[in-house]
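Presented below is the structure to which this report refers.
The values are calculated or read from the model by the stated rules, or taken from the named source; none is laboratory data. Source: prediction; values computed, not measured. Here Cβ is always computed from backbone atoms with ideal geometry, including for glycine, and neighbour counts include all displayed protein chains.
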Amino acid sequence: MISIIKDIIDVAKALFGLKDSLAKADKQKRDEMADYFQAVSVCLADTFEKLSENKVPHGRCTELAEYAKYLPEVVKGFIEESKANELSDILLRSHEVEGLWEEFNAKHSKKKQLPSIAEASGIFLALSNSVRAGYKAG
């Protein structure tokens with residue numbers, strides 16, 4: 001799998017796995033986190049859509065980089081600082097989603113990995129909804 005896509009999915013899954021900790025926040029903080037995760041989801045969904053149309057997702061690299069930088073502040077106090085920084089670093093090194101257009105066009109066989117971006121978007125959206133609702137497992 002293309003490393004950018006793999007890293008984004010890994011971050012999404014790791015954060016989703018921490019949703020119980022995030023759901024412990026008060027309503028205002030949960031809403032703030034949910035808005036953040038939803039914004040990441042929208043960014044990735046648009047990236048998927050543009051790449052599916054064989055268009056460069058202009059501006060999404062910068063947007064995803066900003067989300068990556070802000071991640072530790074968003075989850076501060078609800079997951080370990082070292083884990084938050086690690087996930088932020090992974091997302092930051094994977095922010096160059098515009099470059100996927102070139103990679104897909106250089107090697108068409110890699111385009112089959114494109115749905116994984118939509119998967120990551122869906123995970124971030126599910127995380128947003130779970131955190132906003134205050135979901136806690138069993």
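A few remarks follow.
- Answer from Lys6, Lys13 - the residue that is outside any loop (DSSP other than H, G, I, E, B), charged (D, E, K, R) and more than 19 Å from Val131 (Cα to Cα): Lys6
- Which listed residue is closer than 18 Å to Ile5 by Cβ, of a type in the set (Asp, Glu) and more than 17 Å from the chain's Cα centre (by Cα), from Glu119, Glu103: Glu103
Residue-wise test of (1) basic (Lys, Arg); (2) over 23 Å from Lys29 (Cβ atoms); (3) within 15 Å of the chain's Cα centre (by Cα); (4) surrounded by fewer than 17 Cβ atoms within 10 Å (Cβ to Cβ).
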| site | (1), (2), (3), (4) |
| --- | --- |
| Ser41 | no, no, yes, no |
| Arg60 | yes, yes, yes, no |
| Ile123 | no, no, yes, no |
| Gly134 | no, no, no, yes |
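- Residues of segment 63-73 that are farther than 15 Å from Ile8 by Cα, touching a residue at least 12 places away in the same chain (Cβ under 8 Å) and either within 11 Å of the chain's Cα centre (by Cα) or surrounded by fewer than 18 Cβ atoms within 10 Å (Cβ to Cβ) (or both): Tyr70 alone.
- Exactly one residue among Ile117, Ile90, Ile79, Ile123 is more than 14 Å from Ile8 (Cα to Cα) and modelled with pLDDT of 90 or more, and that residue is Ile79.
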